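One structure below.
The values are calculated or read from the model by the stated rules, or taken from the named source; none is laboratory data. The structure displayed is predicted, hence computed values, not measured ones. As a convention, Cβ positions derive from the backbone with ideal geometry for all residues, glycine included, and neighbour counts pool all protein chains shown. Heavy atoms of the whole protein, side chains included, go into the accessibility calculation; ligands, DNA and RNA do not. Shrake-Rupley method; radii C 1.70, N 1.55, O 1.52, S 1.80 Å.
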Amino acid sequence: MKLPSTTSRLLVLQEATNAELRVRLGEIFKRHRSMAFIGRNDNLFTEHWTPEVAAAGYEFEGFEIKGADMVLHGVEHACGFVYRISVAFPLELIDDANAIENYFERQRIADAELSSSALSNPPVL
């Protein structure tokens, strides 16, 4: 890769790269932001929300690479409060949209199976 010869051009390249990353990662976040609420099984949540509805107001805020994971952060401003969520997937999947889709689908299936198992085998008190 040939980098620009001046620092100012390098800064312009960095800004363009960051803007493109935000667009691409923002699309992934928007599609999978409900994963932040998968596994919630408290009564108050389940009586009023689904993961999709709970996540609907969150907008992409940023990202970080944390070890072997890509972590996407979202934020919602409501009633004077700032709420934050994050979703993560293996960094090795970053160039394969289908692999990312399959990763989150496997998580949804695993959560559904866990929820189904919990309903069919309630705890003995």
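Going by the conditions given, is TYR103 under 17 Å from SER34 (Cα atoms), out of contact with any helix residue (DSSP H, G or I) (no Cβ under 8 Å at 6 or more places or on another chain) and among the hydroxyl-bearing types (Ser, Thr, Tyr)?
No, not satisfied.
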- prompt: Identify, please: which residue in the range 4-37 is out of contact with any helix residue (DSSP H, G or I) (no Cβ under 7 Å at 6 or more places or on another chain) and not in a helix (DSSP H, G or I) and is, among those, modelled with the highest pLDDT?
  reply: THR6
statement: Residue set THR46, THR17; condition within 30 Å of LEU114 (Cβ to Cβ) and either among the basic types (Lys, Arg) or surrounded by 10 or more Cβ atoms within 10 Å (Cβ to Cβ) (or both); output residue THR46
query: In this structure, does LEU114 turn out to be in a helix (DSSP H, G or I), under 28 Å from LEU3 (Cα atoms) and either open to solvent by less than 80 Å² (accessible area, probe 1.4 Å) or hydrophobic (A, V, I, L, M, F, W, C) (or both)?
result: no
message: Being open to solvent by less than 40 Å² (accessible area, probe 1.4 Å) and closer than 24 Å to ASN18 by Cα is the filter here; which residues of the range 65-79 pass it?
response: MET70, VAL71, LEU72, GLY74, VAL75
message: Scan the range 49-64 and tell me whether some residue there is aliphatic (A, V, I, L, M), in contact (Cβ under 8 Å) with a residue 24 or more places away in the chain, at negative phi and open to solvent by less than 40 Å² (accessible area, probe 1.4 Å).
response: yes
- line: When the range 81-100 is checked residue by residue, the ones that are open to solvent by 100 Å² or more (accessible area, probe 1.4 Å) and in a strand (DSSP E or B) are PHE81, ARG84
